[in-house]
Amino acid sequence: MSTNTASALSAAASLLRQARRIVCLTGSGVSAESGVATFRNVENGLWARFDPQRLATQEGFAANPGLVWQWYMHRLDAVEQAQPNPGHSALAELEHRLPVFTLVTQNVDDLHERSGSRHVLHLHGRINRFHCNVCGFDHDLRSSERRATAPPRCIACGGAVRPSVVWFGEPLPHRLLDKAWQASERCDLFLVVGTSGLVYPAAQLPLLAQQHGAPIIDINPEVTPLSEQAEIHLAGRSGALLPRLLELLGKET
Ligand code: BV8
Ligand code: ZN
């Protein structure tokens, strides 16, 4: 594992240049510089302040639907006010420049799309979409429904409407996971950005790629289990390092 020297950046640019099929997995760290909270930071992460069992599980929703609803709507407001940062823009640019680039995100925000990424696999769903927790019917909501203290009722069956995110213990969207899995098995370079690599099955994807011979580049100010596995760990903020990587890629091709 090499870290954030000029030579590590240049080695990463060189791997990117040689690669033909790249998969990138992002986590909440890529949105941190946009002001969106991460999850596991001990001071200001969401799970340091809120209990995931009460807020991000079926059991939590059944026990207190109003609390869960208001918490997600509060987070949605924050996401809507946030702007993409240079890390998001650099990833959008990589999608345009590189031959086959599959962007897989654990993030429920839409900042990748808003910075120009066209094909994003949202493994953990999207906070600005809604469906019925009972029958699965998709719902568009009016702002008054979003602001209500309890979840709206389904127009098809009367069940509670919920945000279309994946809670703990729920399966990931099957088709998207399949696509991400296949792309990871076939890629020749795996880029990990801003994730603690603790949530499965997402964290399995880079390891799967590595088992099939692809090197991992990890961008994260902290050392994670994935940085320890990575061929190159670029220790720093994605909003600073991704644009530098892009610049090097442009210079040396
Ligand atoms: C499933 C909801 C099966 C949406 C989220 C024991 C062992 C192994 C696995 C398990 C286990 N017990 C249970 C499991 C499975 C469980 C799991 O993995 N648990 C872990 C935590 C132990 N997984 C599941 O339950 C999944 N489902 O397995 O289903 C199944 C199959 C069939 C039928 C039924 C069931 C579902 C997982 C989905 C969980 N949903 N949230 C929401 O509210 O948003 S998890 C949550 O964590 C977020 O969604 C997020 O996407 C995900 C990952 O977190 P990160 O993004 O990595 O965030 P984190 O704070 O951890 O890290 C941020 C990183 O950024 C840090 O490293 C930091 O240093 C870095 N950073 C900070 N600033 C920057 C930066 N990096 C770069 N630049 C910066 N500027
Ligand atoms: Zn319904």
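The values are calculated or read from the model by the stated rules, or taken from the named source; none is laboratory data. Just so it is clear, the model here is predicted, and its values are computed rather than measured. No Cβ is skipped: glycine too gets one built from the backbone with ideal geometry, and neighbour counts run over all protein chains shown. With ligands, DNA and RNA removed, areas are computed over all heavy atoms of the protein, side chains included. Shrake-Rupley method; radii C 1.70, N 1.55, O 1.52, S 1.80 Å.
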Could you list, in sequence order, the residues of region 143-190 that are within 16 Å of ligand 2 (Cβ to nearest atom) and part of a strand (DSSP E or B)? Arg153, Ala160, Val161, Arg162, Pro163, Ser164
Which numbered condition in (1) touching a residue at least 12 places away in the same chain (Cβ under 8 Å); (2) in the same structural domain as Gln53 (by TED's automatic domain parsing) is the only one that Lys179 fails? (2)
Can you name every residue in region 124-139 that is open to solvent by 90 Å² or more (accessible area, probe 1.4 Å) and within 14 Å of ligand 2 (Cβ to nearest atom)? Val134, Phe137, Asp138
Tell me the helices (runs of 4 or more DSSP H) entirely within region 1-119 that contain at least 2 residues that are within 16 Å of ligand 2 (Cβ to nearest atom) and in the same structural domain as Ser184 (by TED's automatic domain parsing). none
Take the residues in region 229-253 that are more than 18 Å from the chain's Cα centre (by Cα) and of a type in the set (S, T, N, Q), then tell me which one is least open to solvent (accessible area, probe 1.4 Å). Gln229
Being exposed (fewer than 14 other Cβ atoms within 10 Å of the Cβ) and either closer than 18 Å to Val199 by Cβ or free of Cβ contacts under 8 Å to residues at least 24 places away in the same chain (or both), is that true of even one residue in region 65-80? yes
Do we find that Leu98 is aliphatic (A, V, I, L, M) and crowded, with 20+ Cβ neighbours inside 10 Å in this structure? no
In this structure, does Val120 turn out to be of a type in the set (A, V, I, L, M) and either at pLDDT below 95 or more than 14 Å from ligand 1 (Cβ to nearest atom) (or both)? no
